[in-house]
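Worksheet: one structure, shown below.
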C-alpha cells in the first residue's frame, strides 16, 4: 500500500535519521514538504514529538541543517518535526512579492481574506500534520503524536506561543527563540494580519501571544521558555520581548522563563547556541520524572 | 592603523564569535574570505588554532553554519579557522565551468600549469594564512598560531592529510571526514592534478596522502583520525579509504585511527555527528596533559 507521504531524502545524523517528506495537504491545497528527525530511540519504541516552527523566508531545511538540535534530541529520545512556513506553488498573484508576506510567511494563522484563503498554516500545524503523524506510515509506528511540544524562531516563535497557548492540552511545553511577541502592534504582524485577516483587529487577537496570555483561563499551563538576543536587529521594532514580559506578569501565567541573551543576534548561530537547553526543557516536560506529564497523555 | 583584514560579519556563538574577514591574498592575487571562530577563552589569553579545509563547491560558510564544531571549540578553548577553497574572481577562462575543477576546487596544491598559476592553495593554507594570524590584528593578540592542528572534509580531508603529513612539525594533529585518500588514482584527483600540475605523475605524489605516508620519515608523527561513512556515495570511486588503510599499514605510521561509520553519507549531517570527537581529538593534542605536545611548540 502506498503511503500518503513520499520520502524525498534521508540522512543519518547522530545515530538517527533526518527524513524529508512531500505530501499533499488537503488543508492548504498544495504539496508540502516537512522533515522529521527520528532519534535512535524511535527504532525500538514510540517517541514524543517536538514541533519546530520556522521564521520568515525559511522552509524546513534551515532548522534541520543549522540548528544542531538533533544532537540533544538523539540523546533524549525526542523526534523533531519541522514543517514549511506557508503554502507554495499556488500561483496567487503577488504571493512572492514580499519576503514578509505570502510565500514563506504564513504567520501560522487561518486566513479569512478570500485572496489568501489557502493560507491556513494554523490548521496545518495544529490539525493536519499531527493527524498525519498519528495515522500514516511510517510515523504511526514510531511516533507518539499525542505527546507533543512546540518551539520556533521569530515568526515561528510567535507561532509556537500561539498554537501552544490556544491548545494547552495538546502541547506539554512551549519555547521560542526571538519570537514576535505582540504581532498586533508591530510592522510584520500588522502587515500579515491585515492581509490575511482583514481590518478587524478583534480577529487578530487569537493570534497574539500577549493577548492570549491576558485571556488565558487554564487550567493546564504548559511551561514556557523564551530566549531573545540583546543584539537582535529586530528586537525593538518587531520582537518586543518587553510586551511578553508584561503580559506574563499581568496574567500571572507560569511557569514562564523569559531570558535576554547578551550579544546574540537573530541568526541560527543564536539558535544553535541554546538548542540544547530548549530541547532538554521540552524533553523534561515530555519524558521527565514519572507522572510529570502523565496527566496530559 | 588600518588592519590588513576587513571584518565583514560577526555573530556571537556559544559564548564566542564567528568573525568573517576579507583580505588581499598576495599568494593568490585576489581578495579572499575566511572565518575565524574565537572561543570565549580568546578573550583572556592566546588560544591554539584548528584549521578546517572545506570540500568541493564550498567556501568558508558551509562549515561555519552547519558543522556545529564551535560548541566543542568553545568548551575546549580552541579557535577554528576556515579558509575558502580556491581563488575567486580572477576571470580565468573556464574557471567556473566545472564543479570539481577551478573555482571552489583548488585541491590544496600549488599549480604549475601556466593557465592556473594563481591556484596556490597549498601555500595559501600553509604559509600565508598562518603568517597573517601570527602578525595581523586582531589575530596576533589572541591566537597562538604556532600551536596548530588541521582537519577537513572530502577534498579538504585530502588537504588536511597532505598539509599535515608534509609539515608534521607545524600541525599537532590531523583529522579528516571522508577524505579523498588517494587522489593520484581517482577521477577527481586525476582531473585536478592533470589540470593544475600537468601530465608528470611524479609531481602529483607530493599531494597524495598515501604516497606521503609511504615516504614518511618522521620523526614527529602527528596523530591521525579519519572517519568515513559507509553510505557515502563517493566511497568507492573517489574516497577509497582502503587505500589509506593499506598505506598506513605499509608505512607503519602511527598513531592513526581510521574508522568506517555505519550508514553515514557525505553530508554535513555526517560531519556534525562526529564534530565533537574531532575537535576533542585535536584539543587533546593541542592542550592535553602538560608535555603532551610541548615539544612541538
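The values are calculated or read from the model by the stated rules, or taken from the named source; none is laboratory data. Just so it is clear, the structure is predicted and the values come from calculations on it, not from any experiment. Cβ placement follows ideal geometry from the backbone for every residue including glycine, while neighbour counts extend to all protein chains displayed.
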TODO: Taking only the range A:168-190 into account, find how many residues are within 20 Å of residue A:130 (Cα to Cα) and either out of contact with any strand residue (DSSP E or B) (no Cβ under 9 Å at 6 or more places or on another chain) or at pLDDT below 95 (or both).
DONE: 1
Task: Complete set of residues in the range A:61-78 that are under 17 Å from residue A:160 (Cβ atoms) and more than 14 Å from every other protein chain (Cβ to nearest Cβ) - done: A:78
TODO: Pull up the range B:259-283, narrow it to residues that are within 19 Å of residue B:62 (Cβ to Cβ) and not in a helix (DSSP H, G or I), then point me to the one that is farthest from the other protein chains (Cβ to nearest Cβ).
DONE: B:266
Task: Every residue from the range B:1-14 that is touching a residue at least 24 places away in the same chain (Cβ under 8 Å) and surrounded by 18 or more Cβ atoms within 10 Å (Cβ to Cβ) - done: B:5, B:13, B:14
- [ ] Could you list, in sequence order, all residues of the range A:191-210 that are within 23 Å of residue A:280 (Cβ to Cβ) and touching a strand residue (DSSP E or B) at 6+ places or on another chain (Cβ under 8 Å)?
- [x] none
- [ ] Identify the residue in the range B:146-167 that is assigned to a strand (DSSP E or B) and within 17 Å of residue B:131 (Cα to Cα) and, among all such residues, is nearest to the chain's Cα centre (by Cα).
- [x] B:150
Open item on the list: Looking for something surrounded by 20 or more Cβ atoms within 10 Å (Cβ to Cβ), more than 14 Å from chain B (Cβ to nearest Cβ) and not in a helix (DSSP H, G or I) - is there at least one such residue anywhere in the range A:195-206?
Closed with: no
Open item on the list: Of the conditions (1) within 15 Å of the chain's Cα centre (by Cα); (2) more than 29 Å from residue A:276 (Cβ to Cβ); (3) in contact (Cβ under 8 Å) with a residue 60 or more places away in the chain, residue B:29 satisfies every one except a single condition; which number is it?
Closed with: (1)
TODO: Name the one entry in B:49, B:109 that is crowded, with 20+ Cβ neighbours inside 10 Å, within 18 Å of residue B:144 (Cβ to Cβ) and away from chain A (no Cβ under 14 Å).
DONE: B:49
Open item on the list: Please determine whether any residue of the range B:232-239 is in contact with a strand residue (DSSP E or B) (Cβ under 7 Å, 6 or more places away or on another chain), within 30 Å of residue B:288 (Cβ to Cβ) and part of a helix (DSSP H, G or I).
Closed with: yes
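Residues are listed down the side, and each one gets a yes or a no for (1) over 25 Å from residue A:149 (Cβ atoms); (2) under 21 Å from the mean Cα position of the chain (by Cα):
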residue: A:200; (1), (2): yes, no
residue: A:204; (1), (2): yes, yes
residue: A:218; (1), (2): no, yes
residue: A:223; (1), (2): no, yes
residue: A:231; (1), (2): yes, no
residue: A:248; (1), (2): no, yes
residue: A:253; (1), (2): no, yes
residue: A:259; (1), (2): no, yes
residue: A:262; (1), (2): yes, no
